[in-house]
Amino acid sequence: MLKMQNLSKVYRTHLIETHALRGFDIHVKQGEFVTVTGPSGSGKTTFLNIAGLLEEFSGGEYLLDGINVAGMNDNARSKLRNEKLGFIFQGFNLIPDLNLFDNVDVPLRYRGFSAKERKTRIEQALSEVGLSSRMKHYPAELSGGQQQRVAIARALAGTPRLLLADEPTGNLDTQMARSVMQLLEEVNQRGTTILMVTHDPELALRSQRNVHIIDGQVSDLIRHTPSLVDENALATLHPANHAANLANAA
Ligand SMILES: Nc1ncnc2c1ncn2[C@@H]1O[C@H](COP(=O)(O)OP(=O)(O)O)[C@@H](O)[C@H]1O
Ligand SMILES: [Mg+2]
């Protein structure tokens, strides 16, 4: 689904160079639910933005669904992005002046679907996130958890192959975060590959696979099963215990 090899990303200003990603290798298979963790500034958002074709990379190779995206022009990238990818952000990024129906419609308008097809997709997506009865409501009339559900519906309406989420539960309380995670798990079980950045060790442990990034590099790949979700496992994911975790894994 997604394969990066020896990928690098350098941000240059006239004063400094920041190596946001270096020697970055990852292979995400179709149908996986991968969480991405790591300290602030380690390169998580950079990785997700490059994966989502929102940013160019400086070197290395990136294959998205088997397509080599290096050197692709802007039009081709936009087309690929619209057709294959869905995005969810920490701040929901809904348009306040539009009701839920119209918010979900926004990215569909770029896809050339008929009005009828769009309506079907919007109703289906809002139904999947449990908000069918709120289609004419505005974002401000909803809780944070509900707003994030709308953002998920907006991403799903385009039937993406890969869903990219950057701290989607970062603005939510624990209860709402769990319910958004549960929704994403259901989406994944229906076949969508998910890549999710999170600061929340509980959520990271719930995924099939957790990728930890340190200083722009993949530092480890931990695979777990749901039975591993216990206090000890949570503790080993804490950054302070990361070295011990690596030692145990070796
Ligand atoms: N547009 C940019 N210009 C310059 N430096 C940037 C830019 N975006 C990110 N960086 C730098 O790249 C590094 C990785 O950032 P980021 O991917 O946002 O980390 P994270 O999401 O893990 O907190 C940081 O040192 C950050 O300051
Ligand atoms: Mg970030």
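Could you check L85 against (1) within 30 Å of M135 (Cβ to Cβ); (2) surrounded by fewer than 14 Cβ atoms within 10 Å (Cβ to Cβ); (3) hydrophobic (A, V, I, L, M, F, W, C) and say which number it fails?
(2)
Residue check: is V36 under 25 Å from N188 (Cα atoms) and touching a Lys or Arg at 6+ places or on another chain (Cβ under 6 Å)?
Considered against the rule, which asks whether it is under 25 Å from N188 (Cα atoms) and touching a Lys or Arg at 6+ places or on another chain (Cβ under 6 Å), V36 comes out as yes.
How many residues are in a strand (DSSP E or B) and either of a type outside the set (A, V, I, L, M) or within 16 Å of ligand 2 (Cβ to nearest atom) (or both) if we restrict to the stretch 151-167?
Of the residues in the stretch 151-167, 3 are in a strand (DSSP E or B) and either of a type outside the set (A, V, I, L, M) or within 16 Å of ligand 2 (Cβ to nearest atom) (or both).
In this structure, is L48 modelled with pLDDT of 95 or more and either over 15 Å from Q217 (Cα atoms) or within 16 Å of ligand 2 (Cβ to nearest atom) (or both)?
yes
So in the stretch 18-45, with the set limited to residues that are among the polar types (S, T, N, Q) and within 13 Å of ligand 2 (Cβ to nearest atom), which one is surrounded by the fewest Cβ atoms within 10 Å (Cβ to Cβ)?
S40
Take the stretch 22-45 and flag every residue that is within 8 Å of ligand 1 (Cβ to nearest atom) and either free of Cβ contacts under 8 Å to residues at least 60 places away in the same chain or over 18 Å from E167 (Cα atoms) (or both).
S40, G41
If I ask for residues that are touching a helix residue (DSSP H, G or I) at 6+ places or on another chain (Cβ under 9 Å) and loosely packed, with under 13 Cβ neighbours inside 10 Å, which ones from the stretch 111-131 would you list?
E117
Picking from L237, L195, L203, L183, which residue would you name as being crowded, with 18+ Cβ neighbours inside 10 Å and modelled with pLDDT of 95 or more?
L195
The values are calculated or read from the model by the stated rules, or taken from the named source; none is laboratory data. These figures come from a predicted structure and were not determined experimentally. No Cβ is skipped: glycine too gets one built from the backbone with ideal geometry, and neighbour counts run over all protein chains shown.
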